[in-house]
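Below you'll find the structure I mean.
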Amino acid sequence: MAQTNDARFYAEYWAAYNRYLDIAGIPNTTKGTEDEFVLHVFESYTDVCKYVHVASCARCEDEHIGVTYPHICIEFVFRTKAGVSVDDACFDALKQRRADIELELGEPLNWDIPRDRFYGYKLPVLKEADIDNREDWPNQFKWMADRVVLFRRVFIKYLDTVLYPIMAGNR
């Protein structure tokens, strides 16, 4: 039976990932998890956003994004305090910069995921991975950490130049 059904297993996985981030000198603004699947690692724009983060994720499947295989992922997630119409405007503004964003990230994002009622919009990059395989954890952590740094660098710029002006104008 896969250990990934066990909350203690996820706690151990994320504790090991936290140690990896600490050793690598990668800032991690929250040393805990929101649930057993997600570790948030991003600065928040709390004056206009309910959620803005880059998250490292490890799951067996994710119904919201239509993935049914074990994977790790990095996702940029945002939801404003102003409501769905502003979320939609922000997402549309980001989508207009899609080519630039994907060029900077070096890989495509999934732009077709429906808006989540709770989190708003998610833009993930996924990699198939067996998180039960502890010997592969260093490779998984490196893949996630490299993308966390890249996502931060890329999306902070778009928060400042594209999203924040829309959000701030609709407070």
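The values are calculated or read from the model by the stated rules, or taken from the named source; none is laboratory data. Not measured: the values here are computed from a predicted model. Note that we place each Cβ from the backbone using ideal geometry, even for glycine, and neighbour counts take in every protein chain shown.
Got a number for residues in segment 108-148 being among the acidic types (Asp, Glu), in a loop (DSSP other than H, G, I, E, B) and surrounded by 13 or more Cβ atoms within 10 Å (Cβ to Cβ)?
Initial filter on segment 108-148 (among the acidic types (Asp, Glu)): 112, 116, 128, 130, 132, 135-136, 146.
From what is left, the residues that are in a loop (DSSP other than H, G, I, E, B) are 112, 130, 132.
Then drop every residue that is not surrounded by 13 or more Cβ atoms within 10 Å (Cβ to Cβ), which leaves 130, 132.
Selection size over segment 108-148: 2.
Looking only at segment 108-136, which residues are more than 14 Å from the chain's Cα centre (by Cα) and of a type in the set (A, V, I, L, M, F, W, C)? Give the steps one after another, and end with the answer.
Going residue by residue through segment 108-136, those that are more than 14 Å from the chain's Cα centre (by Cα) are 108, 112, 114-115, 117-118, 128-136.
Answer for segment 108-136, where residues must be more than 14 Å from the chain's Cα centre (by Cα) and of a type in the set (A, V, I, L, M, F, W, C): PHE118, ALA129, ILE131.
While we're here: Report yes if PHE118 is in contact with a helix residue (DSSP H, G or I) (Cβ under 9 Å, 6 or more places away or on another chain), closer than 30 Å to ASN18 by Cβ and aromatic (Phe, Trp, Tyr), otherwise no. Before the answer, list the steps.
Values: in contact with a helix residue (DSSP H, G or I) (Cβ under 9 Å, 6 or more places away or on another chain): no; closer than 30 Å to ASN18 by Cβ: yes; aromatic (Phe, Trp, Tyr): yes.
So PHE118 does not fit the description; no.
Is it true that PHE151 is in contact with a strand residue (DSSP E or B) (Cβ under 6 Å, 6 or more places away or on another chain), closer than 30 Å to PHE9 by Cα and part of a helix (DSSP H, G or I)? Talk me through it step by step, then tell me what you get.
On the way: in contact with a strand residue (DSSP E or B) (Cβ under 6 Å, 6 or more places away or on another chain): yes; closer than 30 Å to PHE9 by Cα: yes; part of a helix (DSSP H, G or I): yes.
Criteria met by PHE151.
Please tell me if LYS157 is surrounded by fewer than 16 Cβ atoms within 10 Å (Cβ to Cβ), on the phi < 0 side of the Ramachandran plot and in a strand (DSSP E or B). Give the derivation first.
On the way: surrounded by fewer than 16 Cβ atoms within 10 Å (Cβ to Cβ): yes; on the phi < 0 side of the Ramachandran plot: yes; in a strand (DSSP E or B): no.
No; evaluated as a whole, the condition is false for this residue.
Here is a follow-up. Can you tell me which residues in segment 127-146 are touching a helix residue (DSSP H, G or I) at 6+ places or on another chain (Cβ under 8 Å) and modelled with pLDDT under 90?
LYS127, ALA129, ASP130, ILE131, ASP132, MET144, ALA145
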